[in-house]
Amino acid sequence: MPDDARPYVLLGIVQAAEGDSKAKKNFIRALEVDPRCMDAVYRLVDLYNSSQMYREAIDVLEGALQQEDS
């Protein structure tokens with residue numbers, strides 16, 4: 001499981017749907033495991049946007065772009 005981001009993303013999806021603040025932690029953990037996990041990027045950016053945390057959303061997107069360049 002440590003090499004697979006999917007369990008973290010799936011757990012984050014369920015937590016976000018339930019309004020659990022731990023969702024963010026799991027999306028971030030998914031990106032630590034796999035920085036190219038676009039599902040985690042999308043979900044984390046969506047979570048930040050819905051919380052009006054626009055700077056954090058931009059940082060996540062910029063990080064994803066850097067991963068694409070490497």
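Compactness check for the chain: Cα Rg over 2.2 N^0.38 Å is 1.03. Charged neighbours of K24, selected by a Cβ distance under 14 Å, balance to -2 (K, R count +1; D, E count -1). Based on C-alpha pairs under 8 angstrom that are at least 6 apart in sequence, the chain has a relative contact order of 26 percent. Remark: spin-label model distance E18-E62 equals 3.4 nm, labels positioned 7 Å along the Cα→Cβ axis. Once you reduce the range 41-70 and the range 1-26 to the center of their Cα atoms, the two points are 16 Å from each other. Dividing the helix sum by the residues of the chain, where each DSSP H run of 4 or more adds -39500 (n - 2.57), gives a mean residue ellipticity at 222 nm of -24000 deg cm²/dmol.
Springs between alpha-carbon atoms under 10 Å, Gaussian network over the chain: tell me which of L44, L31, L11 tops the mean-square fluctuations. It is L11.
Every read-out reported here was derived from the displayed coordinates using simple, explicitly stated rules and does not represent laboratory data. Nothing here was measured: the structure is a model prediction, and the numbers come from that model. Virtual Cβ from ideal backbone geometry, glycine too; neighbours counted across all protein chains shown.
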